[in-house]
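K.L.:
Can you keep this structure in mind? I'll have questions shortly.
Throughout, read-outs are computed from the coordinates displayed, never taken from laboratory work. As the structure is a prediction and not an experimental result, all values here were calculated from the model. Using ideal geometry, Cβ is built from the backbone for each residue, glycine included, and neighbour counts are taken over all protein chains shown.
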Amino acid sequence: MNAQQPSRFLASADEPVTDLNNLEPLEEEPICERVAQNLQRLRGKRHLSLDALARQCGVSRAMLAQIESGRSVPSIKVLCKIAKGLKVSVAAFLEHRAFEGVAVLSARESKRLVSASGAFVSRALFPFDVARQSEFYELRLSPLGEDHSEGHGPGVQENLVVSQGVLEISVNDERYLLSTGDSILFYADQPHRYRNPADSEAVAYLVVTYPERLD
């Protein structure tokens, strides 16, 4: 599986293929603009006036107005107060897109990567529309199925745990046989392979970690 360029993710069985390699990159904006936009969005979603939010978080109305207009960058202490008043994570003010610290992904709407043979299915367990430095997948391999990867970018790590069946993981020329409950951590910037040597389906969960944040 090429975790860095998952080009054949499907929203569902009856929806068209989404080519993630052709997504337009997000433009960088000053941090004050991002905080201002997110504060305005979060306050509006809760139908709070500036006065009401000021009372709720203990930050003056004038300061909130300056932050929301992009004329002032709040300190971490002030941002923590506002976040507590709005009941969101501080990170909600720094995201490129709307994410308030909790995202529920239904199984039906999950993105899936299916190999050409259909033996390997990878389901994304994270939202693609927020900046991230790690990715979380459910992997399913049919009996005797396998999947190869030539390696990802420098410094990429994979941490996998088998939840059902057995899996053989090959990293370069070394092979590791994992049973249910076993886990493995390895640098994935080298050739590696997943293989199911058994006559029943194997299920595993995989965390891919990048050395730098992905936007």
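K.L.:
Restricting to the range 147-166, and then to whatever is outside any loop (DSSP other than H, G, I, E, B) and in contact with a Pro (Cβ under 9 Å, 6 or more places away or on another chain), can you tell me which residue is farthest from Thr209 (Cα to Cα)? So that I can check it myself, show each step before the final result.
P.N.:
Just the residues of the range 147-166 that are outside any loop (DSSP other than H, G, I, E, B), to begin with: 147-149, 157-164.
Subsequent filtering for residues that are in contact with a Pro (Cβ under 9 Å, 6 or more places away or on another chain) retains 148-149, 157.
Details: His148: 19, Ser149: 16, Gln157: 5 Å.
Out of the qualifying residues, it is His148.
K.L.:
Right, here's the next one. Check whether at least one residue in the range 167-183 is of a type in the set (Phe, Trp, Tyr), within 24 Å of the chain's Cα centre (by Cα) and in a strand (DSSP E or B), and report yes or no. Walk me through how you get there before you give the answer.
P.N.:
Of all residues in the range 167-183, those of a type in the set (Phe, Trp, Tyr) come to 176.
Retained after the next criterion (residues that are within 24 Å of the chain's Cα centre (by Cα)): none.
Checked against the condition, which is being of a type in the set (Phe, Trp, Tyr), within 24 Å of the chain's Cα centre (by Cα) and in a strand (DSSP E or B), the range 167-183 yields no hits at all.
K.L.:
Limited to the range 185-196, what total is found for residues that are crowded, with 16+ Cβ neighbours inside 10 Å and in contact with a strand residue (DSSP E or B) (Cβ under 8 Å, 6 or more places away or on another chain)? I'd like the intermediate steps shown before the answer.
P.N.:
Of the range 185-196, the ones crowded, with 16+ Cβ neighbours inside 10 Å are 186, 188-189, 192, 194-196.
So of that shortlist, the ones also in contact with a strand residue (DSSP E or B) (Cβ under 8 Å, 6 or more places away or on another chain) come out as 186, 188, 192, 194-196.
Counting residues in the range 185-196 that are crowded, with 16+ Cβ neighbours inside 10 Å and in contact with a strand residue (DSSP E or B) (Cβ under 8 Å, 6 or more places away or on another chain) gives 6.
K.L.:
Looking at (1) more than 17 Å from the chain's Cα centre (by Cα); (2) free of Cβ contacts under 8 Å to residues at least 60 places away in the same chain; (3) within 30 Å of Tyr205 (Cβ to Cβ), can you tell me which one Ser89 breaks?
P.N.:
Checking Ser89 against (1) more than 17 Å from the chain's Cα centre (by Cα); (2) free of Cβ contacts under 8 Å to residues at least 60 places away in the same chain; (3) within 30 Å of Tyr205 (Cβ to Cβ), the one that fails is (1).
K.L.:
Determine which single condition Phe136 fails, assuming it passes every other condition in (1) surrounded by fewer than 19 Cβ atoms within 10 Å (Cβ to Cβ); (2) over 30 Å from Ala91 (Cα atoms); (3) of a type outside the set (Val, Ile, Thr).
P.N.:
Exception for Phe136: condition (2).
K.L.:
Separate question: Enumerate the pairs (first residue in the range 170-191 and farther than 16 Å from Gln157 by Cβ; second residue anywhere and of a type in the set (Asp, Glu) and surrounded by 14 or more Cβ atoms within 10 Å (Cβ to Cβ)) with beta-carbon separation below 8 Å, excluding pairs fewer than 6 apart on the same chain, so at least 6 apart or on different chains.
P.N.:
Once the first residue is farther than 16 Å from Gln157 by Cβ and sits in the range 170-191, its partners that are of a type in the set (Asp, Glu) and surrounded by 14 or more Cβ atoms within 10 Å (Cβ to Cβ) give Arg175/Glu168; Leu177/Glu168; Leu178/Glu168.
K.L.:
If I ask for residues that are without any contact (Cβ under 8 Å) to a residue 40 or more places away in the chain and not β-branched (Val, Ile, Thr), which ones from the range 126-163 would you list? Outline the logic, then answer.
P.N.:
Step one: filter the range 126-163 for residues without any contact (Cβ under 8 Å) to a residue 40 or more places away in the chain, giving 126-127, 129-130.
Phe126, Pro127, Asp129, listed by residue number.
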